[in-house]
Amino acid sequence: MAGGPQPGICSNRTPLPDGGGEPDAGGLAFGAPEPVELLCPELPCPSPSDPSLTAERKQITFTIPTLNAVGDRDVYIAIRPTAFDPWFPAQSAGPINSLLVEEAGSLSDDGLRLFFTRDDQSSGAPPYGELLMAEREESGVPFDTATDVPGVVNTPNGNERSAALTADAARLLFARALDVDLADHDVYVALESGGQWDTVARVEAVSKPGGDERSLAIVEGEVNMLFVARGAQIIEAHWSGGYIAGAEVVSQHDELVVPDTTAVSGVWVAPDGSEIWFGACGETCNVYRAVR
């Protein structure tokens, strides 16, 4: 087994459940998660979730419930001078927020692009989330407009959320739940083709029936890592080359489970894989940070 002990040397690592494999060096444990203080015009921010940061960790987006309408949620952005300072009070991400639900924002490393999910009210069925993309010319200005992610990522009777681009912009990973079970998201990858996203494939190793893998983050480098929220847990998978659909689970990060929570909503990981931010939700949500 790649990454396993040398022949004749025993391993004291505990195999993961459901044939997930064994942790390797890239699956090293994180420290204890610590809550992150986020301030909003409604001090403090009510039930924040879905954190996503820029590469230099000076901007963060997250989701909060708002007073616009019952059940409404919007994407907010906060900034800070350096990666070691407290966050300034957050503001709305811009006119992309509406009386519909906007959530699960994912910032690009430079902060100029934002993927997010908005309820699709065009169907008579329960509201389905559609992935949209917004862009801006410089940091610090609002995201004014957004367009649907082109191609076959969005489905008429499904909920798509939590998008992340690979470094070469050739692949888009996202979570999807179909109307046969809107409570069970799986992870998919789509290929860029002529300005739109086609050839969608399910990432089998991280998509467990009933697991509800609703949030994800990717880290590319010497080791390519995929972090996925599964219920209240975060799992880590690795892949080689461009074959993300063949990613294999290497670790289940039980050390990141926050007591009295039932779900992780949003995952962001630093470009070097050393720091993770996530939302943990029970009766309310909060954003947490952990390092390794």
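Summing Lys, Arg as +1 and Asp, Glu as -1, what charge do residues with Cβ under 15 Å from the Cβ of Ala55 carry, Ala55 excluded?
For residues surrounding Ala55, the net value is -2.
Segment 219-249 to segment 28-97: how many Å between their Cα centroids?
25
Select from Arg161, Arg80, Arg230 the residue whose mean-square fluctuation is largest in a Gaussian network model of the chain (Cα-Cα springs shorter than 10 Å).
Of the options given, Arg80 has the highest mean-square fluctuation.
Determine which residues of segment 207-232 fall in the zone a paramagnetic label at Asp254 would reach in this model, i.e. backbone nitrogen under 19 Å from the point 7 Å along Cα→Cβ.
211, 228-232
Which order do the peptides 85-97, 266-278 come out in when sorted by mean C-beta neighbours inside 10 angstrom, highest first?
For the peptides 85-97, 266-278, the packing ranking is 266-278, 85-97.
Quick check of the Kirkwood formula: for the chain, what is the inverse mean of 1/r over all pairs of different Cα atoms, in Å?
Hydrodynamic radius (Kirkwood, Cα only) of the chain equals 19.2 Å.
Are there GluC sites (Glu not before Pro) in segment 133-229 that DSSP marks as loop and that have at most 13 other Cβ atoms within 10 Å, and which are they?
Passing sites in segment 133-229 are Glu137, Glu138, Glu222.
Let me check against my output: what whole-number percent is the relative contact order of the chain, with C-alpha pairs under 8 Å and at least 6 apart?
18
A short reminder: the numbers here are calculations on the coordinates, not readings from a lab. Since the model is a prediction, treat every value here as computed from it, not as a measurement. Quick reminder, even Gly has a Cβ in these numbers, built from the backbone with ideal geometry, and neighbours come from all protein chains shown.
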